[in-house]
Amino acid sequence: MGGNLWERLSVALNFSGVFLLQDAVCTLNTLQTNASALDQVRRERGHPEIQLQAMRGFLQRAGLKVEELDHLNIIHVTGTKGKGSTCAFTEQILRNYGFRTGFYSSPHLVQVRERIRINGRPIEKDLFTKYFWQVYNRLDETKESHGGTMPAYFRFLTILAFHVFLQEKVDVAVIEVGIGGAYDCTNIIRRPWVCGISSLGIDHTSILGDTIEKIAWQKGGIFKPGVPAFTVKQQEGPMTVLQQRAEEIGCSLSVCPELGQYQSLGVEPVKLGLAGLHQRSNASLALQLTHCWLQRQKDHNTLDNLRLEGHPSPRRLAETDWLGRNQTLTHGGITYFLDGAHTTRSMQACVRWFSEAAAQHETNTTGSLVRVLLFNATGERDCAAMLKLLVPCHFDFAVFCPNITEAIATCNADQQNFNVSVENMLTRCLDNQQSWRVLNGREEKPEAEFLIGDGLPLVAEQRSATLVFPCILSALRWITQGKDPVLSDPSKHLIPVKVSVNAKAAPLRAASNIHVLITGSLHLVGGALKHLEPSLAS
């Protein structure tokens, strides 16, 4: 009887923990649509320096001091593309040295806990819940005396990350910038140990500026007086801006060597855990950041028993894992290629990787093959430019869907987005479909619009192999046609697809192999991974 009682208690406690976690995530999501927070963001867009001032106020209300962040031994990284991968490489190397690491990144793919990592793993559910309510309650209790304001979603998570890392006493905190650098809320950091800037390109132009030089100025804003900084090889214009920023702020700026140059130092051949040639510059930046951090810690006698000879071993780079970036999954005869590329430059890199990876897989397969593109993009991205880069990949089908994981969105609080309506998301998908048809020489308008449950449109066109689905699960199930058992969970609600739409899937049903490239948005990739790798959502 005692055993049964403990078993019941264990189940009850586990259920309670899940409930409390979901309650925390749902409460966090309210910060996406907080009216005063949105008004605040609009006001500050014209005066970006106010953002850091506001962030300091929120940090203080949460019971933290900027001075406390000095004790986190921070590595601060920005860039347009590759900053997350650089952070992942950096964290992996330092963790293999035996340090207790903290890693803050964005966005998350499947669960919001992924943004705050301890020793390479998303923070445990109970710890996330505990620390969330500690920070949220402090802010909520003080909001009346501060005009009812609460920090917006990303600001809150940044404060939460700092709180977690301080409470968990990490040896080093690897912090990825959200957007830009100079006025990003992570830039309340006063004394990082080293800063890094990955490859620069055009993105978030309404916030950062419409030229790569303006964007470089923003990125260089994370430089701090006397703090070493590293960057990868950049175009001449932005590199000049970065050098000027470093000189004005008073820090040294070094350009990382090519990864192949490490072998000339007697280092073994470098292998990376992340696919794609563009990861080589990210890996080199990570090696420079970790070497500098280790050397500075040794010089300051901050850490005991530190043994450092030469550069950190590139051997650790092969152990790095970073989901959703140049990732390949094989489920029987279906191979998924996932990459969250969302700018034209990152899409160029994605196309190079996919072309090589798909060709390699094709040499090892027999029978017929169908290629499918699953695409979505959000915000102000130039979707037509990205889709144009994908045309040479010769897809048999192009499928578009919003970043909605499944028909009943309330069952997945981690991936809810209240900042954009379902109608707007679907309109974007229809626009992307039309762009694809134009790029492929099919400018006729769709002949018919098929409506499915709840009035959400699914559009198909007789002369074109393009479709729009209302959610990611519907798109994946149509693409795979029952060939992937991982997607066949009967408990997941799925809006029925009309017979005429299923008829278009005949080539997919007949194919021995299906290759699916999922790209355009990290949120799309994350939603797909939720279904393709169910363990990530547990």
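The values are calculated or read from the model by the stated rules, or taken from the named source; none is laboratory data. The structure presented is a predicted model; accordingly, all values stated were derived computationally and were not measured. Positions of Cβ are generated from backbone atoms using ideal geometry, with glycine treated the same way; all protein chains shown enter the neighbour counts. SASA here: full protein model, heavy atoms, side chains in, ligands and nucleic acids out. Shrake-Rupley method; radii C 1.70, N 1.55, O 1.52, S 1.80 Å.
Observations on the model:
- Residue selected from segment 497-538 under the condition outside any helix (DSSP H, G or I) and out of contact with any helix residue (DSSP H, G or I) (no Cβ under 7 Å at 6 or more places or on another chain), by the criterion most open to solvent (accessible area, probe 1.4 Å): 498
- Residue within segment 308-324 that is at pLDDT below 90, more than 30 Å from residue 99 (Cβ to Cβ) and open to solvent by 30 Å² or more (accessible area, probe 1.4 Å) present: no
- Scope segment 477-500; condition closer than 17 Å to residue 370 by Cα and of a type in the set (A, V, I, L, M); matching residues: 479
- The residue list 136, 153 contains one member that is under 20 Å from the mean Cα position of the chain (by Cα) and of a type outside the set (A, V, I, L, M), which is 153.
- Lone qualifier among 108, 146 - being closer than 24 Å to residue 535 by Cβ, modelled with pLDDT under 95 and out of contact with any strand residue (DSSP E or B) (no Cβ under 6 Å at 6 or more places or on another chain): 108
- In segment 274-298, residue most open to solvent (accessible area, probe 1.4 Å) [restricted to those that are under 21 Å from residue 355 (Cβ atoms) and in contact with a Leu (Cβ under 9 Å, 6 or more places away or on another chain)]: 280
- Only one of the listed residues (95, 115, 61, 100) is charged (D, E, K, R), open to solvent by less than 40 Å² (accessible area, probe 1.4 Å) and under 15 Å from residue 173 (Cβ atoms). That residue is 115.
- Pairing residues of segment 134-146 that are among the aromatic types (Phe, Trp, Tyr) with residues that are open to solvent by 60 Å² or more (accessible area, probe 1.4 Å), at Cβ distances under 9 Å and at least 6 apart in sequence or on separate chains, gives no pairs at all.
- Tally, over segment 213-246, of residues that are of a type in the set (A, V, I, L, M), open to solvent by 20 Å² or more (accessible area, probe 1.4 Å) and under 24 Å from residue 279 (Cβ atoms): 1
- Between 280, 245, the distinction of being modelled with pLDDT of 95 or more and out of contact with any Cys (no Cβ under 6 Å at 6 or more places or on another chain) belongs to 245 only.
- The residues of segment 156-184 that are closer than 20 Å to residue 138 by Cα and open to solvent by 10 Å² or more (accessible area, probe 1.4 Å), listed by number, are 166, 167, 168.
- Within segment 353-371, being in contact with a Phe, Trp or Tyr (Cβ under 6 Å, 6 or more places away or on another chain) and among the charged types (D, E, K, R) holds for one residue alone: 371.
- Positions within segment 376-408 being surrounded by 22 or more Cβ atoms within 10 Å (Cβ to Cβ), under 13 Å from residue 522 (Cα atoms) and not β-branched (Val, Ile, Thr), in sequence order: 376, 377, 402, 403
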